[in-house]
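K.L.:
Pasting in a structure now, in structure tokens, and then I'll have a few things to ask.
Derivation of every value follows stated rules applied to the coordinates shown; laboratory data play no part. These figures come from a predicted structure and were not determined experimentally. Glycine also receives a Cβ, built like all others from the backbone with ideal geometry; neighbour counts cover every protein chain displayed.
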Amino acid sequence: MAKRKKKSLYLIPEPNWNEISALTDEKQREEAYKKVEYFIHSEIDSKSKSKAMKKWIKEESGWTEEEIKLTTITALDPWLQMSGKYCWVFYKVGYLTESALGYLHGSRKEEFLKLGKKYFKETELKKADKVSKKVVSIQERMGEQVSELIGEWEYYIDEFVEKGEMDVKAFDPYKEMQIYKGGVIKPAHAKIVKTSIEPYIVEAQEVLEWKDPDIKEGYSHFTSKMRKQYLEFYQKIDTACDTFIETGKAKRKPRKPKVRSREQMVAKMKYQINDSDLGIASINPAEIVDATEVWVYNTKTRKIGVYKKGDLTAGLTVRGTSIYDYEEGTSVQKTLRKPAVQLKEFKGAAKTKMNNAFSNIKATEIKLTGRISDTIIILKAF
């Protein structure tokens with residue numbers, strides 16, 4: 001498809017606005033509006049139509065202040081430009097036809113208000129005005145980056161309207177997005193393009209359904225085949241945008257888990273620092289992390305216990321005030337009858353010696369819970 005050349009003058013003869021302005025018969029006015037639609041569609045850019053629509057809403061509509069605020073937000077620009085053709089002509093000839101007025105004050109107004117409330121809740125309008133400045137500036141900058149590409153697609157539609165046919169199968173918007181300006185388009189750009197064509201898809205669907213009187217009037221020159229191709233054209237762009245967005249998600253590198261230091265992992269752990277009567281003291285709880293075996297003593301219950309790592313884990317871990325990833329079957333505790341005497345066998349002993357001393361304790365084994373409290377001394381970690 002041919003690339004659009006930059007235009008300095010209208011390619012289509014401009015209507016005689018003075019003659020149209022002088023019309024007083026409503027039927028003649030309706031006919032005149034219908035005749036200038038092709039010129040508006042082909043020669044007037046979307047921004048100008050959106051601007052005219054906003055100006056009319058603010059100056060001529062007579063809507064309430066709240067309705068004006070909801071219907072003129074930047075997020076609605078793609079929708080406003082669809083109906084802005086009437087307002088653009090209004091500022092050329094000084095009047096709107098009765099059908100155009102009914103359309104703008106009726107279904108269009110309802111749609112604008114519905115969308116306005118969707119984008120900004122009434123209670124957040126004032127806050128949104130302040131916060132949106134930074135966001136809008138970024139979106140506008142990204143919008144400018146894809147404006148030329150969207151302009152190319154608008155030119156394809158101009159050619160389509162002029163020729164009455166289009167090779168939709170040959171149209172490959174995904175490829176055009178890939179090669180545009182050397183690959184500048186990213187998923188974020190695709191989201192902007194998708195949002196900008198949303199109102200066109202909605203209207204194209206209405207054109208295909210062929211039920212709305214205003215649609216029938218505005219697209220009276222479309223054949224049944226053209227109506228199908230018109231919708232297919234915008235659907236292909238929408239699908240291309242979805243492909244760009246989903247591909248971006250797939251390429252996104254998974255977030256690396258935040259690495260926490262041992263000190264951070266045990267920061268919330270409560271434990272007993274020492275016991276002067278027994279002459280024992282706790283080691284640094286950070287030594288529990290990645291250990292394969294940890295010995296503890298509860299000064300309140302007189303129980304000594306050992307935590308042993310599970311077969312499927314690299315070592316013990318700590319979350320909050322508890323030990324995790326231990327083997328439940330071998331992580332047990334026993335009650336000491338004479339702590340002052342029996343604990344001496346565990347002081348500074350090697351792993352094997354401590355396990356032998358534990359085996360020699362004649363008491364019932366009780367499973368450990370993993371919980372560390374301020375009555376527990378952490379004796380040793382291997």
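K.L.:
Give me the number: length gained by fully extending H221 to K268, i.e. 0.36 nm times residue separation minus the C-alpha to C-alpha distance, one decimal in nm. All intermediate terms of the calculation are to be shown ahead of the outcome.
P.N.:
Numbers: separation 47, 0.36 × 47 = 16.92 nm, distance 7.45 nm.
Going from the current span to full extension adds 9.5 nm.
K.L.:
Would you mind getting me the FRET efficiency between D45 and K256? Use the beta-carbon distance for r and R0 = 41 Å, nearest 0.05.
P.N.:
Numbers: r = 46 Å, r/R0 = 1.11.
Computed FRET efficiency for D45 and K256 comes out at 0.35.
K.L.:
Still on this model: In nanometres, what is the gap between the two model label sites at K211 and E154, each 7 Å from Cα along Cα-to-Cβ?
P.N.:
Output for this residue pair reads 3.0 nm.
K.L.:
Another question, if that's okay. Can you give the FRET efficiency to the nearest 0.05 for E110 and D374, using r as the Cβ-Cβ distance and R₀ = 45 Å?
P.N.:
With a Förster radius of 45 Å, E is 0.10.
K.L.:
Within 10 Å of each residue's Cβ, count the other Cβ atoms and sort L70, L149, L11 from fewest upward.
P.N.:
Working: L70 22, L149 19, L11 11.
Sorted ascending by nearby Cβ count, the order is L11, L149, L70.
K.L.:
Please state the shape class of region 262-381: rounded when a/c is under 1.5, otherwise prolate if a/b exceeds b/c and oblate if not, all from the C-alpha gyration tensor. Walk me through the numbers on the way to the answer.
P.N.:
Working: a/c = 1.68, a/b = 1.25, b/c = 1.35.
It comes out oblate by the Cα gyration axes.
K.L.:
If you don't mind, another one. Roughly what would the spin-label model give for Y119 and A188, points 7 Å off Cα along C-beta, in nm?
P.N.:
Reported label-point gap for Y119 and A188 is 1.9 nm.
K.L.:
Which links in K49/K181; K270/K353; K47/K191; K27/K225; K191/K249 stretch past 21 Å when you go from one Cα to the other? Don't skip to the end; give the middle numbers.
P.N.:
Details: K49/K181 27 Å; K270/K353 28 Å; K47/K191 19 Å; K27/K225 30 Å; K191/K249 13 Å.
Pairs exceeding 21 Å: K49/K181; K270/K353; K27/K225.
K.L.:
Could you pull out which residues in region 168-194 have an amide N less than 14 Å from a spot 7 Å beyond the Cα of T239, following the Cα-Cβ vector?
P.N.:
168-175
K.L.:
So what's the back-of-envelope 222 nm ellipticity for the chain, counting only DSSP H runs of four-plus at -39500 (n - 2.57) apiece and dividing by all residues, rounded to 500?
P.N.:
Working: 15 runs with 198 residues, N = 382.
Helix contribution divided over all residues of the chain: -16500 deg cm²/dmol.
K.L.:
In square nanometres, what is one fourth of the surface area of the convex hull spanned by the alpha carbons of region 217-259?
P.N.:
Details: hull surface 18.4 nm².
Approximately 4.6 nm², given one-decimal rounding.
K.L.:
Only counting other Cβ atoms within 10 Å, I'd like K344, K118 sorted with the fewest neighbours first. Numbers along the way, then the final one.
P.N.:
On the way: K344 14, K118 11.
Listing K344, K118 from fewest to most nearby Cβ atoms yields K118, K344.
K.L.:
With +1 assigned to the C-beta of every Lys and Arg and -1 to the C-beta of every Asp and Glu, and no other charges, what is the dipole magnitude of the chain about the Cα centre in debye, to the nearest 20?
P.N.:
About 3340 debye.
K.L.:
Oh, and also: May I ask you to list, by number, the DSSP H helices of the chain whose Cα span along the axis is at least 27 Å and whose average Kyte-Doolittle hydropathy reaches 0.0 or more? List each step's numbers first, then the result.
P.N.:
Values: long enough: 125-163 (48 Å, -0.63); 187-209 (32 Å, 0.03); 224-251 (41 Å, -0.87).
In the chain, the long hydrophobic H runs are 187-209.
K.L.:
Another question, then. Could you check the simple spin-label distance between K34 and K300, using points 7 Å along Cα→Cβ, in nm with one decimal?
P.N.:
9.0 nm
K.L.:
Which whole-number percent is the relative contact order of region 262-381 (Cα, under 8 Å, 6+ apart)?
P.N.:
Numbers: 225 pairs, mean separation 44.4, N = 120.
Result for region 262-381 is 37 percent.
K.L.:
Continuing with this model, one more query. Just want the ordering: S42, S50, from fewest to most Cβ atoms lying within 10 Å of their own Cβ. Intermediate results must be reported in sequence, preceding the final value.
P.N.:
Values: S42 17, S50 23.
Neighbour counts put them in this order, fewest first: S42, S50.
K.L.:
For a label point 7 Å from the Cα of Q178 along Cα→C-beta, name the residues of region 238-258 whose backbone N is under 19 Å from it.
P.N.:
Residues passing the 19 Å test: 238-252.
K.L.:
Shifting gears a bit: Please give the residues of region 277-313, grouped as numeric ranges, whose backbone N is less than 17 Å from a label point set 7 Å along the Cα-to-Cβ vector of A350.
P.N.:
So the set is 293.
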